[in-house]
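The values are calculated or read from the model by the stated rules, or taken from the named source; none is laboratory data. What you see is a predicted model, and the numbers here were worked out from it, not measured in a lab. With ideal geometry, Cβ positions are generated from the backbone for all residues, glycine too; neighbour counts draw on all protein chains shown.
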Amino acid sequence: MNALEVRGLTKLYGSIAALGGVDLEVGEGELVGLLGPNGAGKSTLVKIACGLVRQTRGSAEVRGHRAGSLQARRSLGYLAELFRFPGWYSAEELLELHQRLAGSEGGKAERADLLELVGLLDARNRRVEAMSKGMQQRLGVAQALVGSPPLLLLDEPTSALDPVGRRTVRELLEELRGRGIAVLLNSHLLSEIELVCDRVAILLHGKLVEEGSPAELARPRGVEIETDEGTRLFEGAGRDDTPQLVAELVASGRRVYGVRVLTSTLEDTYLEAVGGETS
């Protein structure tokens with residue numbers, strides 16, 4: 001059973017198609033990055049999965065349950081990009097509030113586990129208004145995990161963080177994957193997606209235009225070999241061509257000092273997929 005599965009997902013706003021027949025899966029314990037420029041349909045897809053928006057056609061299921069149903073809502077946690085928590089609440093009080101809202105019976109033990117998971121156990125009594133942006137972001141992830149949902153939907157969780165804060169959230173995402181929690185991560189930070197995600201899905205004009213692991217989406221750019229005559233680029237060659245290229249150079253009397261297989265980055269693939277569209 002997939003944590004999230006959408007088939008032929010279509011959402012029309014009048015004559016405008018926010019989503020035009022998207023098929024996407026997020027497996028159990030899988031971390032999938034959702035990419036695309038503004039208006040590509042990312043937020044619409046997430047809102048349908050949450051049950052906040054109803055699709056025009058197609059289906060969306062969370063662990064086999066129709067998106068928006070009580071069973072589906074109980075199976076997911078959500079952190080919006082522009083979330084706001086009451087500034088006068090402490091971290092402990094905020095999680096207690098969300099436990100009541102979610103019907104969680106985890107009590108103090110669950111709150112302590114979540115605060116420890118996100119590195120805020122020592123700040124459990126600190127007010128939200130006294131927290132840094134990074135601390136609030138981690139607290140937001142903690143509230144999304146109240147009730148131990150198997151699926152987490154995160155919207156730009158690292159967009160306003162400095163490099164240290166982004167690394168902290170990235171390590172947290174890796175910890176969640178280790179616990180078997182599936183994550184759909186909507187982000188514009190391609191470097192973060194490339195580092196942490198198992199698969200990447202790129203949306204453009206409401207359609208899925210690229211999907212696969214970062215390695216699968218990488219395009220070969222040739223093999224660069226350094227010899228006693230200098231560095232030479234063999235365009236069109238790939239990893240499997242390297243032994244033959246080196247053997248031919250050595251047979252011709254050249255000394256080989258280094259070999260580098262070149263591939264495109266996720267950014268290259270993204271820009272190729274979306275063309276001139278801006279985020």
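Here is the figure for segment 114-154: residues that are over 14 Å from residue 183 (Cβ atoms), of a type in the set (A, V, I, L, M), in contact with a Gly (Cβ under 8 Å, 6 or more places away or on another chain) and assigned to a loop (DSSP other than H, G, I, E, B) total 1. Of all residues in segment 234-279, those satisfying the criterion of being of a type outside the set (Asp, Glu), without any contact (Cβ under 8 Å) to a residue 12 or more places away in the chain and over 30 Å from residue 188 (Cβ atoms) are 243, 244, 247, 250, 251, 252, 253.
The combined condition, being assigned by TED's automatic domain parsing to the domain that holds residue 62 and either under 13 Å from the mean Cα position of the chain (by Cα) or farther than 19 Å from residue 30 by Cα (or both), is fulfilled by residue 200.
Given the options 71, 143, name the one that is without any contact (Cβ under 8 Å) to a residue 40 or more places away in the chain, in contact with a His (Cβ under 6 Å, 6 or more places away or on another chain) and not aliphatic (A, V, I, L, M).
On the way: 143 fails: without any contact (Cβ under 8 Å) to a residue 40 or more places away in the chain.
71 is the lone residue from the list that is without any contact (Cβ under 8 Å) to a residue 40 or more places away in the chain, in contact with a His (Cβ under 6 Å, 6 or more places away or on another chain) and not aliphatic (A, V, I, L, M).
Quick one: in segment 209-219, of everything that is without any contact (Cβ under 8 Å) to a residue 60 or more places away in the chain and either assigned to a helix (DSSP H, G or I) or in contact with a strand residue (DSSP E or B) (Cβ under 6 Å, 6 or more places away or on another chain) (or both), which residue is surrounded by the most Cβ atoms within 10 Å (Cβ to Cβ)?
Of everything passing the filter in segment 209-219, 217 is surrounded by the most Cβ atoms within 10 Å (Cβ to Cβ).
Contact map, segment 184-203: first residue closer than 10 Å to residue 266 by Cα, second residue among the charged types (D, E, K, R) and buried (at least 23 other Cβ atoms within 10 Å of the Cβ), Cβ cut-off under 9 Å, separation 6 or more or different chains; the map is empty. Annotation: of all residues in segment 237-255 being surrounded by 10 or more Cβ atoms within 10 Å (Cβ to Cβ) and not in a helix (DSSP H, G or I), the one that is nearest to the chain's Cα centre (by Cα) is 238. Consider segment 97-127 and keep the residues that are within 27 Å of the chain's Cα centre (by Cα) and of a type in the set (Asp, Glu). The one that is farthest from residue 169 (Cα to Cα) is 110.
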